[in-house]
1. When Met252 is evaluated against the numbered criteria (1) open to solvent by less than 10 Å² (accessible area, probe 1.4 Å); (2) modelled with pLDDT of 95 or more, which criterion, by number, is the only one it fails?
2. Take the stretch 113-134 and flag every residue that is open to solvent by less than 10 Å² (accessible area, probe 1.4 Å) and either farther than 19 Å from Leu261 by Cβ or aliphatic (A, V, I, L, M) (or both).
3. Go through (1) closer than 24 Å to Asp130 by Cα; (2) in contact with a Gly (Cβ under 9 Å, 6 or more places away or on another chain); (3) among the hydrophobic types (A, V, I, L, M, F, W, C) one by one and return the number of the condition Ala244 breaks.
4. Considering only the stretch 37-57, how many residues are assigned to a loop (DSSP other than H, G, I, E, B) and out of contact with any helix residue (DSSP H, G or I) (no Cβ under 8 Å at 6 or more places or on another chain)?
5. Looking for something in contact (Cβ under 8 Å) with a residue 12 or more places away in the chain, within 20 Å of Arg233 (Cα to Cα) and of a type in the set (A, V, I, L, M, F, W, C) - is there at least one such residue anywhere in the stretch 176-197?
6. In the stretch 260-279, how many are modelled with pLDDT of 95 or more and either at positive phi or buried (at least 17 other Cβ atoms within 10 Å of the Cβ) (or both)?
7. Might you check whether a residue that is charged (D, E, K, R), within 30 Å of Leu186 (Cα to Cα) and modelled with pLDDT of 90 or more occurs anywhere in the stretch 107-114?
Amino acid sequence: MNEPGAREGDGLGVAEPERVFRTGPEFVRSLERGLAVIRAFNADNPELTLSGVARITGLTRAAARRFLHTLVNLGYMRSEGNKFALRPKILELGYAYLSSLSLPEVAMPHLEQLVEKVRESSSVCVLDGDEVVYVARVPTKRIMTVAISVGTRFPAFATSMGRVLLAAQGEQWLDGYFASVKLRKLTPYTIVEPDALRAELQRIQAQGWALVDQELEEGLRSIAAPIHDRDGRVIAAMNVSAHASRRSVSDMTQTLLQPLLHTACLIDADLCSTGGMHI
């Protein structure tokens, strides 16, 4: 089997997300700089002078001063003398994501029941840039050359969960994605032609699920379905994966698809009842 090149992340993807687009008309440079000012403050630097912020962020003193005073006026920061510090209101910016950490807790019991029923591994992923990040997993036997755990990352284009998440994105987002992503052959079966992949994403969007046949790693088949928040937005994806020697493509769709879709609906319902997950 070919190693697909997974890499480990930081827990539930709470590390700084990787960006697909750093330039172009849709990239707001001033927002990037404003966030850099906020990130300059941490446990080692709870208070900083204007010069300190400029040094850490690489901004000019004039630019740093504008961002700092804007944050002070908005209530996210306070100033005392020549020192600046964050105020509790800054927590509002992270609250939406912190509330999303309930997703693994909600999903795990359902994954366990699904795995017990179908006797195959199941996982939940979210999209982070051009990669998927595993946030919950219930394995059976190891079927890949790379050990998968919470925090593992794979290129979204070559995974069933990644394609479900990509298919849920708007055309403008996808235009930027295809302009920057590197589609590389991970196996002889990997789709790397942009037009072919776009067509596959359109098909996935129409049918509501994705099946990937040995495109991430030879011998691995995976089928995935979307997970929605209470507003109907696709916020995550879940899959069932199996070794090709045990499950044919038709077996995946005839035997595993309905239990997978049913489980995804149960997770959707639980997320709605707990207030939902917003990313």
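1. (2)
2. Correct list: Leu114, Val124, Val132, Val133.
3. Here Ala244 meets the rest and fails (1).
4. 5
5. no
6. Of the residues in that region, 3 qualify.
7. Yes: the stretch 107-114 contains one or more residues that are charged (D, E, K, R), within 30 Å of Leu186 (Cα to Cα) and modelled with pLDDT of 90 or more.
Quick grid of which residues meet (1) assigned to a helix (DSSP H, G or I); (2) within 14 Å of Ala210 (Cα to Cα); (3) within 24 Å of the chain's Cα centre (by Cα):
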{"residue": "Gly232", "(1), (2), (3)": "no, no, yes"}
{"residue": "Ile235", "(1), (2), (3)": "no, no, yes"}
{"residue": "Arg246", "(1), (2), (3)": "no, no, no"}
{"residue": "Ser250", "(1), (2), (3)": "yes, yes, no"}
{"residue": "Thr255", "(1), (2), (3)": "yes, no, no"}
{"residue": "Gln258", "(1), (2), (3)": "yes, yes, no"}
{"residue": "Leu261", "(1), (2), (3)": "yes, yes, yes"}
{"residue": "Ile267", "(1), (2), (3)": "yes, no, yes"}
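The values are calculated or read from the model by the stated rules, or taken from the named source; none is laboratory data. The structure presented is a predicted model; accordingly, all values stated were derived computationally and were not measured. Note that we place each Cβ from the backbone using ideal geometry, even for glycine, and neighbour counts take in every protein chain shown. To get the accessible areas, we keep the full protein, side chains included, count just its heavy atoms, and leave off ligands, DNA and RNA. Shrake-Rupley method; radii C 1.70, N 1.55, O 1.52, S 1.80 Å.
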